[in-house]
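Structure record follows, encoded as structure tokens.
The values are calculated or read from the model by the stated rules, or taken from the named source; none is laboratory data. Because the structure is predicted, anything quoted here is derived from the model rather than measured. Here the Cβ is made from the backbone with ideal geometry for all residues, glycine too, and neighbour counts use every protein chain on show.
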Amino acid sequence: MKNIVLFSSTILITTSGLILGKIENSLALTFNWSYSAPGIEASGTLITNDISDDNGFYLITDITGKRNDEIIIGLSPSGTSIPGNEPFELDNLISLNEEQLTSSGLGFFTSEGNFINLFFADFLEPAGYFEIFSAPPFIPGFENFGPEDSELPVIFKATLVSVPEPSTIIGLGVLASFGIGTGFKRKLAKPKKK
């Protein structure tokens, strides 16, 4: 019986090591965000990596939410421009600092086929957040705004939300299982009464 408990514990520890070894020790950060202007209401969630760059900015890896009645479908890739706002490339960075976005900003697209570039215009006086809205038909170049396109100042805010790390939850489960196995081993190891 002692060998079965020892064998079971060995299997549990080995399996746990394999599972935990495949999970990265990084924690994706989650931000709730919103911005508004007359006629514009947008809000949702941003997911970032957990390591900031030297300036305190985190790379945004996913976005969800709505802009007015349009569902946000996805994040525009970093290093690209939204259609109609070439050659300005996005960096998709966010910070916990007072200036939460960069002058390159983040980009996303909606269920209606529209593209948005949200950025912090630190080059203006006074500096502030702006939304570039680009709708079909897309004419290349930022100077070719159509009547459906706009560049408007907005009020932007993002707040960090705490999210538990997946490997921590799994690790606690493994430790609990190991504790149960140890208790079972102790119960089996009790001497029998004669």
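Descriptive notes on the structure:
- Flag: Gly128 does not match the condition of being of a type in the set (Gly, Ala, Ser), crowded, with 21+ Cβ neighbours inside 10 Å and free of Cβ contacts under 8 Å to residues at least 40 places away in the same chain.
- For region 152-168, the criterion of being polar (S, T, N, Q), touching a strand residue (DSSP E or B) at 6+ places or on another chain (Cβ under 9 Å), loosely packed, with under 13 Cβ neighbours inside 10 Å and not in a strand (DSSP E or B) is met by at least one residue.
- First in region 33-47 and more than 12 Å from Phe156 (Cβ to Cβ), second anywhere and modelled with pLDDT of 95 or more and of a type in the set (D, E, K, R), Cβ under 7 Å, 6 or more apart: Gly44/Lys66; Ile47/Asp62
- Strands (runs of 3 or more DSSP E) wholly inside region 1-98 containing at least 1 residues that are surrounded by fewer than 17 Cβ atoms within 10 Å (Cβ to Cβ) and modelled with pLDDT of 95 or more: 29-37, 40-48, 57-67, 70-75
- Selection status of Ser111, in the same structural domain as Ala42 (by TED's automatic domain parsing), modelled with pLDDT of 95 or more, surrounded by fewer than 13 Cβ atoms within 10 Å (Cβ to Cβ) and not aliphatic (A, V, I, L, M): yes
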